[in-house]
1. All but one of (1) in a loop (DSSP other than H, G, I, E, B); (2) touching a residue at least 24 places away in the same chain (Cβ under 8 Å); (3) crowded, with 22+ Cβ neighbours inside 10 Å hold for G601; state the number of the condition that does not hold.
2. Hey, does the stretch 292-306 have a residue that's more than 17 Å from G485 (Cα to Cα), part of a helix (DSSP H, G or I) and free of Cβ contacts under 8 Å to residues at least 12 places away in the same chain?
3. Restricting attention to the stretch 251-267, which residues are outside any helix (DSSP H, G or I) and either crowded, with 21+ Cβ neighbours inside 10 Å or in the same structural domain as P518 (by TED's automatic domain parsing) (or both)?
4. Out of the residues in the stretch 379-408 that are surrounded by 19 or more Cβ atoms within 10 Å (Cβ to Cβ) and in contact with a strand residue (DSSP E or B) (Cβ under 7 Å, 6 or more places away or on another chain), state the one that is nearest to A527 (Cα to Cα).
5. Here are some conditions: (1) surrounded by 24 or more Cβ atoms within 10 Å (Cβ to Cβ); (2) of a type in the set (G, A, S); (3) outside the structural domain of G609 (by TED's automatic domain parsing). G468 meets all but one. Which one does it not meet?
6. Return the residues of the stretch 274-290 that are at pLDDT below 95 and either over 25 Å from F572 (Cβ atoms) or of a type in the set (D, E) (or both); say none if nothing qualifies.
7. Please report, ordered by residue number, the strands (runs of 3 or more DSSP E) entirely within the stretch 1-94 with at least 1 residues that are buried (at least 24 other Cβ atoms within 10 Å of the Cβ) and over 21 Å from the mean Cα position of the chain (by Cα).
Amino acid sequence: MTVASKTKVLILGGGCGGVAAAYALGATAERRAAFDVTLCSQGWRIGGKGASGRNAKDHQRIEEHGLHLFLGFYRTAFGLLRDAYAQLDGVNDGVFASVEDAFTPQHHVTLWAAPGDGGGRGWKDYTLTAPRWPGMPWDGDEEDLRHAPDRLAAMMQVKSREIGPERLAEPLDAARHAPAEPAERESLMAWFLDELRDMDWSLGWHVFKDLLEIGGAVLRGYFADILPHGWNAWDRINHLDFRAWLMSHGAGESAAWSETIRVIYDLAFAYRHGDGDDITDADIAAGACLKLILDLVAGYRCAPMWRMNAGMGDTVFTPLAKCIEQQGGEIRLFRRVSDIEFDRDRVVRVRMAVQAALATDRYDPYVRVNGLDCWPSEPLWDQLAPDTPHANFEDAWTHVSVGEEVLEVGRDFDHVILAIPPAASAALTTGLTAQNEDWAQMLRTVGRASVATHSVQLWLDRTTADAGWTETTDPVSGAYMPPLGTWADMTHLIEHEVWPNAEAKSCQYLVSVTELPPNLPPTSTHAPQLQGQANLAGQAFTHEWLQANAHSLWPNIAAPGVFDQNTIVSAFDHVNLSPSERYVRTPPGTVVDRLPPDWDGVQNMSLAGDWTITSINGGSAEAALESGKTAADALAQAMGVH
């Protein structure tokens, strides 16, 4: 009996998209029998922008690319991890026992009203607490957003009771029971917004006026622009900036750039040139943003945000990598793609630089820290050839190679899944760009929409409360003084690090967009000093920002113009400079140029990443994981494999 040969699938890129594709291609026995999966990734770990590392030289501290929180509507992400943890249960140690053990719900977020917005006072914080909706995000059943207006109106009703004006209940109740006819809905929402503006708001409650005014404009716009055209008609307004769309439906200019909106722009790093302090630099496609907001406030299960209980590498990529290898897939590390060659509409050759030679036949990428298998913050040098240079293999301007690997179609692969973001893959696909206008247009718009980000982690010698923050426990905070205006207390991670003398009492994360250095050379230039220079500039900026702004967060260790640097026992400051590390934004007018994961422009190539068409159409782990799974499912379906 002749046994059919497997289809060889080559996945290029080890971020969320590539990893999800590799996992999904081995998710069933039939797929494992049909596909031979190889995932290639540069450097010593997988994870892409979500990669984290343990620093063995500094208390096995967790070093990340930024603040990573999963949102409560991340159905694909939580579903994949639920299945991965279940697959490993009783088979592998070194991971959390279940997805429930790996994540903790977060119900509250603190926002900041800027000076001048609160009667001339300084920065004023206020905390929003989200209700617990039914279910868990890893529950298997599907939900859509058709119930979102009801949930949004219900949340506004709850907030009205906190504020107190009795007559606000009437317009909110009317909004909750919106009439079916468009003209009647339009009249209702106009009246609703007028009622809000005419109310006598006491000092300090202006923030809730903005919140309710925004909610009213969202409902009005949803009823006018989305619902009559099918609940999924977000693309109709993706050519507009979200703030402009809000104002077109009755929100005032101050509400449309209040902290409630700015925190969304900050969440999406929605600043063209990386200047988070410039309102004119901010833009995001209205449809994608509206769907994000409705998902965030009304489409979640249990809680709107979820904290990982270790680094993202430990929590997400270790279990997925273990599953991929358990399924028979191969993960090849230290492989950097240098070129993808096309013959008309087929990939025929992939060239990769082999960045390092192994000391033995196998590289074991993990370090065990407090019972978890974790990815280190640098290669495990003792497993590499003795003459391996101590280089940063993830840096785009560091070119280190011990040879070239050339993979040929038909011999080494049959199908390629490209999971490298467009800012990085543009230089690898010049042949495709020359012959395919759809690809070229995607690179011109989506590919140029990437922005650099800046991540700061501070380990302090005192608890967050002792530093002066007593408003909430485990705070997550947004819309504070830009650009480092997003802050989270991540102290819960310390128990998964190694501090034998308990030097670190708390761990603080700050994150923002940042501007690229001027005159940045092309990545074909060997310039390994650039990343270090960017990090030093980031450290200097962080020092200045803490001096000027930390007093509102931690008043016991800071005052205006002063910050006690002696309270920092450890710090990690990183600028995400390389094209593959930059965040892919969603500016107005670019969603139409995104390509689907099962794009048919190249016969034997699929796409995976948050830069493709997804249910989110924005940068996130969920979008990337969904894209990778979609690419894998489409390939399996095309081959009749379940």
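1. Failing condition for G601: (3).
2. The answer is no, given that none of the residues of the stretch 292-306 is more than 17 Å from G485 (Cα to Cα), part of a helix (DSSP H, G or I) and free of Cβ contacts under 8 Å to residues at least 12 places away in the same chain.
3. Correct list: A251, S258.
4. Among residues in the stretch 379-408 that are surrounded by 19 or more Cβ atoms within 10 Å (Cβ to Cβ) and in contact with a strand residue (DSSP E or B) (Cβ under 7 Å, 6 or more places away or on another chain), the one nearest to A527 (Cα to Cα) is L384.
5. (1)
6. D275, D277, D278, I279, T280, D281
7. The qualifying strands (runs of 3 or more DSSP E) are 7-12, 35-40, 61-64.
The values are calculated or read from the model by the stated rules, or taken from the named source; none is laboratory data. The structure presented is a predicted model; accordingly, all values stated were derived computationally and were not measured. Every residue, glycine as well, gets a Cβ built from its backbone with ideal geometry; the counts of neighbours run over all protein chains shown.
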